[in-house]
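A short worksheet on the structure shown next.
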Amino acid sequence: MIALMSKLLIKASLFIFISVASAYNTWAQEKVFPGADSTTPSLAHYFTWINNTKGGASEEQTKINLEFFRWLNEEYGMQLDIYAFDADILDGGGQYVNLDDEKFIRNYPNSFGPVSRIASEMGIRLGVWLGPDGYGNTAEEEKQRTDMLITLCRDFNFRLFKMDLMLTQLRPEKQDPFINAMKECRKYTPDLIVLNHRVDFGRAAPYVTTNLWNGDETYIDVHMTNNQTATHNRVAAISRGLTPGLERMLEDHGVCLSSCLDYWEDDLVMQAFNRCLLLAPELYGNPWFLRDDEYPRLARLFNIHRRHRDILINGMVLDEEQYGKFAVSRGDDNTRFITLSNISWETKSYELALDESIGLKYGKKIKLVQYHPFEEYKGEFNYGDRINIEVYPFRTALLMVAHSFPEEPIISGCAYIMVQNIPGKDVRIKLLGYPGSKSTISLLNNKNKFKEAQIEGKDIPGLPAGEKVSISFSGKPLKEPWHRKYGDLKPTPVPKDAEALYEATCFAADNNALEVRSLQRSGPSAIPQVKAARNAFFEQDVFIKKGVWDKFLFDNDFNTSFNILHRQKDFEGGALRIDLGRDTDIDRLIISFDSVQTATSFFNNNNLLAEVSQNLKQWTPVPITLSGCEIILKVDVQGKTIRYFRLSKAPSRINEITGIYNGLPVDRTGWRASNLFTPYSQNRASSAWTYSFRLDEAAKGSYLAVAIEGRHEKKGVYATLRVGNNIIGAKRRSPSFLANVWEYRVQTRESNYTYYFPVTKEMTGKTIEVVVLGLNNKIKDLHPEVWITAYPIPFKEKELVLK
């Protein structure tokens, strides 16, 4: 949901505090069980916000989403407890809505019956976003609201109501009707959970289960944005900290899987195992945007949590001096789960004490297993031993310390990832090792369960019998650490080609919705349920009508459009930039609008400058003409091919862009456009920094991170690379580049941007110059530096199958 203004959040927090205080007498007089308490094991929860926004979901889309979770369960054993509809399914848009309302019936003509039955088949119960009031001004209206809530519980077995201030406050005179409604609902579902999102419930507070922790939402780079340089965009999320006293009856809004997906696993480890609130693991948004190879990992973390959730309710904060910030141990006397984090650029080593200081009772032999960022059997140790644990930069670690093994196969001798381990199917494990490395592995904890083993399809008969087996990983050994610093950039005069450097990043990046970027990051899926859920999202009318994807300019559909929808209060206007993807023969570029009036108004009211370029360095002005509902750029460069176009001001809405050469349409495959980046003429470089190095080696998945430490204002700094004669712009940044929004605007920061450049084969063995441009005169004290890192960790893999 759209974040409220800070003053409103403060006021709401005070209301909640007052509510708790004023409810003290109610607690004393009447014992109320609000559906769950601090001893209730966590519930795996998904809610639909950002999968849908205003306008809500439909029965068809809900069924498609549920089939995605059915597939995760059947393929990997991942079990969801609650699937919760968010705003505008019922209440929303400033209105309270009942089950007989036309809006609801239009989307759910069969009410919640069909979807509740499908969910029930899967062991899932439903939840829904609601306003806290809706009891009207008459006894009849009050009864109507109460009856609807009862129906949700009695007829559809709802498990969760989310009550949000975004609609209205709960009127003091309606606190008693609310109390009565909750009492009546819990006659049918005693475990009904009521989430409080910033509402003052007054004397009704005891009937509410949780409050929203700090009022924070977790849509990455929209509601949760880094304030420091880092290797990825989720550092603000993984460094949120701990609830007061490890209180579990709060809600942290879960892990948002819709934008900036890299390092989502670290975010989930902290949410599910570190804080481990009532709703955990908790997801929202679009988990179907992950890559196909990431779903086993998602399910694995859910499954580990579910297996141990009864003991994870007990937690203790570990000594910060020894374990770093926000380290927690959870579990019982015999099994402890340790979460560690490292919010810095260098790898950190922590000394893990296997004793009572982490909550572990005495035992002769202690097993230590790491579960994240990869799985690894660390060994068997004596009680009281201290073991060094490394945590990678800006990552988390999850470890289990126990007197006995968990009930599953354990691999000794190399890192691994459990891919599939469910009844009735072979166990599949990814064995991991660095390129060119060798390992000697063995299978522990078999208990005669597995009789056969195969590695990469080859029978390994000795492994199930307990024999040690040697394996080798392909590739050349890395000569240098895959995460390392190259150096610090030094001040330099503004280069003559500063404009080309600036434009390179403007053309490399985009202004598409963050969800589009996530789809492109993960690539196509081969899984039918994933494809169906993605299609349901991108083909919903409200997404298409918002026009937040540049592909709508090149789809031969004049009913779609690419719009400026940024919601930035300080936005000064962006240029229209078009990248044809390759050198192209073209003599006319045609920009089509929805009407003659729109085209004429834009053409006449703006002092437009159109330019073309082949290489970003030399720009040639070209004539612009108006013809009906089209603006035409005439390309007259006498025999030269063209790749780049820019128009000094972007229209707020464009329906189509086409090209003509010798009277025939130009192939638009690979064409891209952006509309929010400021023209260079309005954002000229006034300072610069540079650093050069030779990139002799880069592991798989490597990228350069140009960290710009210091204050630089919101649009005050850009980073680019020179590699030979080529200029390479940054495709990604933290915080993200401005986007045309699906839900709410991308946040900007005035300091500590980090620009990311994927390392390609063409860059290896070349000298790379990193250039940072300062784009305003206020910049005084910047310290840019360049690192190389990799995601995922650059392991080679071998598949182990146990039968």
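The values are calculated or read from the model by the stated rules, or taken from the named source; none is laboratory data. As the structure is a computational prediction, the values presented were derived from the model and not from experiment. Glycine gets a Cβ as well: all are built from the backbone with ideal geometry, and neighbour counts include every protein chain shown. Side chains included, ligands, DNA and RNA excluded: accessible areas come from the protein's heavy atoms. Shrake-Rupley method; radii C 1.70, N 1.55, O 1.52, S 1.80 Å.
Here are the numbers for this structure:
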read-out	value
Qualifying helices (runs of 4 or more DSSP H) (wholly inside segment 470-551; at least 3 residues being in contact with a Gly (Cβ under 6 Å, 6 or more places away or on another chain))	498-508
Where Trp288 falls short, out of the listed (1) assigned to a helix (DSSP H, G or I); (2) surrounded by fewer than 24 Cβ atoms within 10 Å (Cβ to Cβ)	(2)
Single residue of Val391, Val401, Val328 found to be among the β-branched types (Val, Ile, Thr) and more than 25 Å from the chain's Cα centre (by Cα)	Val401
Within segment 553-660, strands (runs of 3 or more DSSP E) holding 3 or more residues that are more than 22 Å from Ala509 (Cα to Cα) and open to solvent by 40 Å² or more (accessible area, probe 1.4 Å)	624-627
Per-region count, segment 478-506, residues over 19 Å from Val772 (Cβ atoms) and either out of contact with any strand residue (DSSP E or B) (no Cβ under 7 Å at 6 or more places or on another chain) or open to solvent by 70 Å² or more (accessible area, probe 1.4 Å) (or both)	4
Those strands (runs of 3 or more DSSP E) lying entirely in segment 403-457 with at least 1 residues in contact (Cβ under 8 Å) with a residue 24 or more places away in the chain, of a type in the set (A, V, I, L, M, F, W, C) and closer than 15 Å to Lys378 by Cα	410-412, 415-420, 427-433, 438-444
Sole residue being basic (Lys, Arg), in contact (Cβ under 8 Å) with a residue 12 or more places away in the chain and more than 27 Å from Val612 (Cβ to Cβ), chosen from Lys700, Lys761	Lys700
Test: Arg733 is open to solvent by 10 Å² or more (accessible area, probe 1.4 Å) and either modelled with pLDDT under 95 or in contact with a His (Cβ under 8 Å, 6 or more places away or on another chain) (or both)	no
Qualifying residue in segment 291-306 (condition: buried (at least 21 other Cβ atoms within 10 Å of the Cβ), in contact with a Lys or Arg (Cβ under 7 Å, 6 or more places away or on another chain) and not basic (Lys, Arg))	no
Verdict on Gly136 being modelled with pLDDT of 95 or more and either closer than 18 Å to Val97 by Cβ or surrounded by 23 or more Cβ atoms within 10 Å (Cβ to Cβ) (or both)	yes
Members of segment 744-759 that are open to solvent by 10 Å² or more (accessible area, probe 1.4 Å) and either touching a Pro at 6+ places or on another chain (Cβ under 8 Å) or over 23 Å from Asp488 (Cα atoms) (or both)	Tyr744, Arg745, Gln747, Thr748, Arg749
Residue tally, condition of a type in the set (Val, Ile, Thr) and in a loop (DSSP other than H, G, I, E, B), over segment 707-748	3
Selection from segment 639-697 of residues that are among the small types (Gly, Ala, Ser), more than 24 Å from Leu565 (Cα to Cα) and in contact (Cβ under 8 Å) with a residue 60 or more places away in the chain	Gly659, Ala685, Ser686, Ser687, Ala688, Ser692
The lone exception for Ile338 - which of (1) surrounded by fewer than 15 Cβ atoms within 10 Å (Cβ to Cβ); (2) among the β-branched types (Val, Ile, Thr); (3) touching a Leu at 6+ places or on another chain (Cβ under 9 Å) it fails	(1)
Members of segment 442-484 that are within 35 Å of the chain's Cα centre (by Cα) and of a type in the set (Asp, Glu)	Glu456, Glu480
Residues within segment 341-352 that are closer than 15 Å to Ile389 by Cβ and either surrounded by 14 or more Cβ atoms within 10 Å (Cβ to Cβ) or in contact with a helix residue (DSSP H, G or I) (Cβ under 9 Å, 6 or more places away or on another chain) (or both), tallied	6
All positions within segment 90-109 that are among the acidic types (Asp, Glu) and surrounded by 16 or more Cβ atoms within 10 Å (Cβ to Cβ)	Asp91
Residue among Thr225, Thr189, Thr218 that is touching a helix residue (DSSP H, G or I) at 6+ places or on another chain (Cβ under 9 Å), more than 27 Å from Pro132 (Cβ to Cβ) and of a type in the set (Ser, Thr, Tyr)	Thr225
Unmet criterion (only one of (1) open to solvent by less than 50 Å² (accessible area, probe 1.4 Å); (2) closer than 26 Å to Asp579 by Cβ) for Gln540	(2)
Neighbours by Cβ (under 8 Å, 6+ apart or cross-chain): first from segment 92-107, without any contact (Cβ under 8 Å) to a residue 24 or more places away in the chain; second in a helix (DSSP H, G or I) and surrounded by 14 or more Cβ atoms within 10 Å (Cβ to Cβ)	Val97/Lys103; Val97/Phe104
Hey, Gly202 closer than 26 Å to Pro393 by Cβ and out of contact with any strand residue (DSSP E or B) (no Cβ under 9 Å at 6 or more places or on another chain) or not	no
Top-ranked residue in segment 55-89 [being touching a helix residue (DSSP H, G or I) at 6+ places or on another chain (Cβ under 7 Å), open to solvent by 10 Å² or more (accessible area, probe 1.4 Å) and not small (Gly, Ala, Ser); ranked as farthest from His197 (Cα to Cα)]	Tyr76
In segment 445-477, the residues that are over 18 Å from Lys798 (Cβ atoms) and surrounded by fewer than 17 Cβ atoms within 10 Å (Cβ to Cβ)	Asn445, Lys447, Asn448, Lys449, Lys451, Ala465, Gly466
Failed item, numbered, when Asn726 is tested on (1) touching a residue at least 40 places away in the same chain (Cβ under 8 Å); (2) within 18 Å of Lys496 (Cβ to Cβ)	(1)
Residue match in segment 278-297 (condition: in contact with a Phe, Trp or Tyr (Cβ under 8 Å, 6 or more places away or on another chain), over 18 Å from Ile220 (Cβ atoms) and among the aromatic types (Phe, Trp, Tyr))	yes
